[in-house]
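Asks: Questions regarding the structure given below will be posed in turn.
The values are calculated or read from the model by the stated rules, or taken from the named source; none is laboratory data. Note that the coordinates shown come from a computational prediction; the quantities given were computed from them, not determined experimentally. Positions of Cβ are backbone-derived with ideal geometry, glycine not excepted, and every protein chain shown enters the neighbour counts. Calculation scope for accessible area: heavy atoms of the full protein, side chains included, ligands and nucleic acids excluded. Shrake-Rupley method; radii C 1.70, N 1.55, O 1.52, S 1.80 Å.
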Amino acid sequence: MSETSTNTSTTSDFIRTAVIEDLSKGRFAHVKTRFPPEPNGYLHIGHAKAISVDFGIAADFGGGCNLRFDDTNPVKEDQEYVDAIMDDIRWLGYNWVELHYASDYFSELYEMAVALIKKGSAYVCDLTATQLREYRGTLTEAGRNSPFRDRSVAENLDLFGRMKAGEYPDGARTLRAKIDMSAGNINLRDPAMYRILHATHHRTGDDWCIYPMYDFAHGQSDSIERVTHSLCSLEYEDHRPLYDWFVRELGLYAPRQLEFARLNLSYTVMSKRKLLQLVRDGHVNGWDDPRMPTLAGMRRRGYTAPAIRNFCASTGVAKANSVVDPGMLEHAVREDLNKTSLRVMAVIKPLRIVIDNYPQGEMEELDAINNPEDASAGTRKLPFGREIYIEHDDFREIPPPKYYRLSPGKEVRLRYAYFIKCVRVVKDESGNVVELGCTYDPATRGGDAPDGRKVKATIHWVSAQHGIHATARLYDTLFTRANPDSGPEGASFLDFLNPNSLEVVDNLIVEPSVAGATVGSRFQFERTGYFCVDPETTPSRIVFNKTVGLKDAWARIEVRQSAS
């Protein structure tokens, strides 16, 4: 069976259908794609979707995917972003077959521009940016020809050469394609090909002071690399006629551009410009802040590469833009972590318990399961003694209806340990409960009571003597509005920043088995959620980032949808 038929039997979408058609008709003999990020910021979850499409489709058909940096704007680009992008792609589990930069082709692109000038298909224009917008027209009005459109080939060649030589200041002139100022597609109304920009490039230094526009560099770079399928996000659909025009006018090998819908998440922004603003203005603590939609932020928060790949696959490849609920991503993360994370007990808001009838000075070790989903993960020992901590929310002095956890005179089970009963409550001067006195039943170790009595709740705990004091960072959505870009007139996306997106808890107490946990280690805090060790951890204090809670809102949504 062929590679094509093997892979398409399990995955099918309009892009794969088009690829199959191209191969069957002999338009291309193989499949080669490319992922072309601009190195002006860190990759985010939307890029993960594009990566999964670009690399995934190439792999499905036995081909390869290039990584090409669209580094045509030196003002915004930096080597830091290049390095981060490569790290993120590798972390996701993908490998490129060739590494390129658009700047690799600056000389070739310049010669292509000269060729178009000689052909009468490009000209140097002196209109300012404001004038260019006026001359361009609107969706309902045709544009007007530039007064410089009919310059001779010789004059255009001279001016373009002088642009390259650095004789003119930024913005003084542009090189434009000569197509049709009355075209219904505004992208074909004599688009700019080159602009003057006296800026140092992160790779070419000061060799160039003119830089190609994306629409000019993109298709030609694809052609040079012999890309077969140029897979783009949907906003480039209107640019496809221009993509094809340049390749056709230059007589180059012609890739096929196909467009698919971007991945958008609610309660966040995906614009790299806005993400950069969040970083630069100090609204977040860097590109890898766990509240950010960047892959670096998600990795630091504890999201796994398999979970992100599965999430991207579950959203499908579509032709219509949509917004995905973050619960769908959290569901994918939770499913993966459930299979791989070691279980531990941790108390975020501790309440001390003294077990009055437990022998003073004694300590015992209880057996605990590391991961019920993975028998090979084995067991661990939990120290247990007279004093322990429980979650403050697991006690109510006056319990509400259907509250089955600890309260005066009530009995509960301690996970892996004993039944305990609250017999006294200690309060501070303000009336706050600060300690409980309890009794335990030695006959109930690790299970039920021999006399058959039942309890309705099992709570977690940590030994007061052996627990490790740590810090927990609890996260909520970065914005309070599902679409931060759709506020009232005059509102900024910054107006909807969530003031409660981060809560720092410095009195977290964790069982001693986490001692020495390395950065990036992931755990399930039983009854609480999944947590990851943060890079700011020190030898004296572990910092945990909350990855996701245990409650799966998305699973409940799916159940409701399937039932309706």
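Asks: Residues of the stretch 195-320: accessible area per residue at 1.4 Å, in Å²?
Replies: 37 Å²
Asks: Using modelled backbone amide H atoms (1.01 Å from N, in-plane), which distant-in-sequence or interchain residues come within less than 5 Å of Val548's amide H?
Replies: Amide H neighbours of Val548, under 5 Å, 5+ apart: Tyr530.
Asks: Given points 7 Å out from each Cα along the Cα-Cβ axis, report the Asn145 to Ala165 separation in nanometres with one decimal.
Replies: Placing both labels 7 Å beyond Cα along the Cβ direction yields 2.9 nm.
Asks: Rounded, prolate or oblate: which fits the stretch 325-372 when a ≥ b ≥ c are the square roots of the eigenvalues of the alpha-carbon gyration tensor, with rounded for a/c under 1.5 and prolate only if a/b beats b/c?
Replies: It comes out oblate by the Cα gyration axes.
Asks: Given the pairs Lys349/Lys381; Lys32/Lys339; Lys49/Lys349; Lys76/Lys119; Lys32/Lys164; Lys178/Lys319, which span a C-alpha to C-alpha distance of over 29 angstrom in this model?
Replies: Lys32/Lys339; Lys49/Lys349; Lys76/Lys119; Lys32/Lys164; Lys178/Lys319
Asks: Would you compute the Debye intensity of the stretch 117-269 from its alpha-carbon atoms alone, equal scatterers and no solvent, and pass along log10 I(q)/I(0) at q = 0.09, 0.20 Å⁻¹ to two decimals?
Replies: Those come out to -0.33, -1.34, one per q.
Asks: Going by average Cβ density within 10 Å per residue, which order do the peptides 531-541, 420-430 take, highest to lowest?
Replies: Ranking, from highest mean packing down: 531-541, 420-430.
Asks: Along the charge dipole of the chain, which of Ile224, Leu508, Thr130 sits closest to the positive end, that is, farthest toward it, with unit charges on the beta carbon of Lys, Arg, Asp and Glu (+1, +1, -1, -1)?
Replies: The listed residue farthest towards the positive side: Leu508.
Asks: Something else about it: Along the three principal axes, how long is the stretch 205-282 when you take its alpha carbons, biggest first, rounded to the nearest angstrom?
Replies: 49, 37, 19
Asks: Carbon and sulfur atoms: what percent of the 1.4 Å accessible area of the chain do they account for?
Replies: Carbon and sulfur together cover 48 percent of it.
Asks: Using Cα atoms only, what is the angle between the long axis of helix 305-315 and the major principal axis of the chain, expressed in degrees (0 to 90) to the nearest 10?
Replies: So the inclination is approximately 70 degrees.
Asks: Going by a ≥ b ≥ c, the root eigenvalues of the Cα gyration tensor, does the stretch 259-344 fall in the rounded group (a/c under 1.5), the prolate group (a/b larger than b/c) or the oblate group?
Replies: Since a/c reaches 1.5 but b/c is at least a/b, the shape of the stretch 259-344 is classed as oblate.
Asks: Still on this structure, please answer the following. Quick check: convex hull of the Cα atoms in the stretch 22-98, volume per residue, rounded to a whole Å³?
Replies: Hull volume normalised by residue count: 95 Å³.
Asks: Using a Debye calculation, one point per C-alpha and no hydration shell, please list log10 I(q)/I(0) for the chain at q = 0.06, 0.09 Å⁻¹ in order.
Replies: Here log10 of I(q) over I(0) equals -0.44, -0.81.
Asks: Sticking with this one: Nothing charged except the Cβ atoms of Lys and Arg (+1) and of Asp and Glu (-1): what's the magnitude of the dipole of the chain about its Cα centre? Round to the nearest 20 debye. Before the final figure, lay out each step's value.
Replies: Details: 69 positive and 78 negative charges, 216 e Å.
In debye, rounded to 20, the chain gives about 1040.
Asks: When ligands, DNA and RNA are left out and all protein chains stay put, how many square angstrom of accessible area per residue does the stretch 73-116 have with a 1.4 Å probe? Please list the in-between numbers first.
Replies: Working: 1960 Å² over 44 residues.
Ligands and nucleic acids excluded, the result is 44 Å² per residue.
Asks: Ignoring everything except DSSP H segments at least 4 long, calculate the 222 nm mean residue ellipticity for the chain; use -39,500 (n - 2.57) per segment, divide by total residues, nearest 500.
Replies: That calculation yields -8500 deg cm²/dmol at 222 nm.
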